[in-house]
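Heads up: the structure comes next, in structure tokens.
Just so it is clear, none of the values below were taken in a lab; they were calculated from the coordinates. Keep in mind that what you see is a predicted model, and the values were worked out from it rather than measured. Cβ: placed from backbone, ideal geometry, glycine included. Neighbour counts: every protein chain shown.
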Amino acid sequence: MKRIETKIPGVFMVEADVFGDSRGFFTESYSERKFRDLGVDMTFIQDNHSCSVPVGTIRGLHYQLAPAAQTKLVRVISGAIYDVAVDIRKSSPTFGQWVGVILTGDNHRQLLIPPGFAHGFCTLVPNTHVTYKVDSYYSPEHDRGILWSDSAIGIDWPVRAGAAVLSDKDTKHPVLAEAEVFE
């Protein structure tokens, strides 16, 4: 496994070793020991799995406040997404900045998103399956979101606003300037 840094410290990709032959491939998508060697020393306690059928489905931007803040390790099993993390730590020099990467079932990359970041993704192909590990359970009272299309953040999503497929909840999040964020 190797660690691939992004432009925002703390948010990085993990690329697994893939061993392939005429039958297909084998990979270790998670190994506590190998992740510890990459500087990830936490206990993941839950795996989540979503399937998004239409292209252009956006899920996010989601996060949980402390004490239920989550680290997420995001991976695509099949399909492809444009995965985004937004720094929402008010005291951070990269506050309001975002990073976006493409994760696919074929590139075997994962994105680690630490607490203090909002997370969202847009599907690039139909029937995309995304899994992610978290280190804190879902907590409805700490659950928050930021509007995916906040122009002050300026995420370059691969879908037009009118063509995005969203949940009702995701259309009603506040913009970053009005959101409850990390201090």
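Label 7 Å along Cα→Cβ of Gln97; the range 104-138 residues with amide nitrogen under 20 Å?
From the range 104-138, the list is 111-120.
On average, how much area does the Cα convex hull of the range 45-116 cover when viewed from any direction, in nm²?
On the way: hull surface 21.8 nm².
So the mean shadow area of the Cα hull is 5.5 nm².
Using unit Cβ charges (K, R positive; D, E negative) and no other charged atoms, how large, in debye to the nearest 20, is the dipole of the range 20-109 about its Cα centre? Write out the running numbers ahead of the final one.
Details: 10 positive and 9 negative charges, 41 e Å.
Roughly 200 debye for the range 20-109.
Within 10 Å, count the other beta carbons around each residue, average over each peptide in 66-77, 148-159, and list them highest first. Mind dumping the intermediate values first?
Details: 66-77: 19.1, 148-159: 16.3.
By packing density, highest mean first, the sequence is 66-77, 148-159.
Before rounding to the nearest 500, sum -39500 (n - 2.57) across all DSSP H runs of length at least 4 in the chain and divide by the residue total; then give [θ] at 222 nm in deg cm²/dmol.
Numbers: 1 runs with 6 residues, N = 183.
About -500 deg cm²/dmol.
Quick check on packing: order 6-12, 46-52 by the mean number of other C-beta atoms within 10 Å, highest mean leading. Working shown, then result.
Details: 6-12: 16.9, 46-52: 13.4.
Ranked from most to least packed, the peptides come out as 6-12, 46-52.
Be a star and scan the range 1-35 for residues whose amide nitrogen sits under 16 Å from the point 7 Å along the Cα-to-Cβ vector of Asp41.
32-35
Please provide three numbers in whole Å: the alpha-carbon extents of the range 1-104 along the principal axes, with the largest listed first.
Cα extents, longest axis first: 50, 37, 27 Å.
For the range 2-178, just the Cα set please: Rg and Dmax, both in angstrom.
15.9, 53
Lys/Arg Cβ at +1, Asp/Glu Cβ at -1, dipole of the chain taken about the Cα centre: which of Phe26, Val130, Trp157 is farthest positive-ward?
In the chain, that residue is Phe26.
Dipole of the range 2-178, Cα-centred, from +1 at each Lys and Arg C-beta and -1 at each Asp and Glu C-beta, to the nearest 20 debye? Let's see the in-between values first.
On the way: 18 positive and 20 negative charges, 18 e Å.
Result for the range 2-178 is approximately 80 debye, rounded to the nearest 20.
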